[in-house]
Ligand SMILES: NC(=O)C1=CN([C@@H]2O[C@H](COP(=O)(O)OP(=O)(O)OC[C@H]3O[C@@H](n4cnc5c(N)ncnc54)[C@H](O)[C@@H]3O)[C@@H](O)[C@H]2O)C=CC1
Ligand SMILES: O=C(O)C(=O)Cc1ccc(O)cc1
């Protein structure tokens, strides 16, 4: 699988791109946009002065500012890369400064709530094209980003029926340039699929690490000391950003609760199989799940072993 971006473009895709939020995802986009010369001018805006100082030190943008409203002036493409809980505030701040014809997009992990929070603020003549790159790590902040993050990953676009197809195509072209495969679906479908493939797995990781930590007292600290591979993999996921994940669960409530209901039923069936010594049920499930893992690796959506979220080039300790 290619782990490099292609050569820089002769002509930029957009005259002016503004990224709002320069953490893991925003700074990864900034690095790729700079490398590929996708923007005539790249503007970076973040509410945190420390983040903006770091963006300037790292040379991630042509202009770096804490003035979010000023940052979108004359932008052709604005991408929100902030936690979903900050969307309404950011949208209200930028709305009066968006120029007609501009595209507003985002990278949020939930989509129906993203649209609900953004669309009331989008002025007539400005195009909202919600997006979600299904790529990331447990790290946060501008130092955590890397330009190859999106290569061979999926980016999902969730336009509404009213969205201008030309604007959807422009955003599709942007993510294709960053190396992603692009799929279009409804926000509701996205939220249901991601609830089971991403959100519930994170909740399970947070929960099992929390349960183990609570058991530390009775086991005299042996839980962490003797943690085997499986538990260690959960601790990586459970190290993910608390603000971002709080916002994901608060904003994809129905789908997560629906999937948790299914999960609890299946867990109860496994409990029953263990209680009654029904080895066949356990064996059949474990055989099916092993095939799923092998298939994921075969289609190249995963690095093989042992830590599927690590950056390309990192060793298995994530260093
Ligand atoms: N972390 C991951 O693996 C992935 C995250 N996402 C989505 O990307 C978005 C950003 O996540 P990360 O980059 O991981 O977060 P991060 O915590 O690394 O960065 C977020 C940045 O937003 C800034 N920010 C917060 N509120 C703001 C406001 N009101 N105005 C301006 N700036 C503000 C913060 O100062 C910070 O620099 C989230 O919506 C998340 O759901 C999507 C795919 C993967
Ligand atoms: O680090 C991991 O394993 C992830 O699952 C990263 C991730 C987190 C949130 C997303 O919306 C998409 C990808």
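What follows is calculated from the coordinates using simple rules that are stated; it is not laboratory data. Nothing here was measured: the structure is a model prediction, and the numbers come from that model. Glycine also receives a Cβ, built like all others from the backbone with ideal geometry; neighbour counts cover every protein chain displayed.
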Whether the stretch 189-276 is rounded, prolate or oblate, judged on the alpha carbon gyration tensor where a/c under 1.5 counts as rounded: oblate
Max mean-square fluctuation residue, GNM over the chain, Cα-Cα springs under 10 Å, options 68, 193, 126: 193
Candidates 17, 204, 103, ranked by Gaussian network fluctuation over the chain, Cα under 10 Å, top entry: 204
Residue with peak Gaussian network fluctuation, the chain [Cα springs, cutoff 10 Å], from 108, 279, 229: 279
Two-decimal ratio, the chain, of alpha-carbon radius of gyration to 2.2 N^0.38 Å: 1.07
Taking all pairs of distinct alpha-carbon atoms in the stretch 14-185, Kirkwood radius in angstrom: 15.5
Label-zone membership for the stretch 113-134, site residue 184, 7 angstrom Cα→C-beta point, backbone N under 16 Å: 127-132
Fewest-first ranking of 143, 266, using other Cβ atoms within 10 Å as the exposure measure: 266, 143
Stokes-Einstein D in µm²/s, Kirkwood radius over Cα pairs - the stretch 246-287 at 4 °C with 1.567 mPa s viscosity: 109
Beta bridges per DSSP with both ends in the chain, % antiparallel, nearest 5: 10
The stretch 144-218-the stretch 1-48 distance, computed between alpha-carbon centres (Å): 19
Mean Cα-pair separation over length for the stretch 14-185, i.e. relative contact order, pairs under 8 Å, 6 or more apart, %: 23
87, 206 arranged by Cβ crowding within 10 Å, fewest neighbours leading: 206, 87
Estimated FRET transfer efficiency (residue 293, residue 35; beta-carbon r; R0 41 Å; 0.05): 0.80
Relative contact order computed over the chain (Cα-Cα under 8 Å; 6+ residues apart), in percent: 15
Ranked list, fewest to most other Cβ atoms within 10 Å of each Cβ, for 174, 283, 231: 283, 231, 174
Whole-percent pair-distance distribution, where bins are 5 Å wide, for the alpha carbons of the stretch 1-84: 3, 17, 28, 25, 16, 8, 3, 1
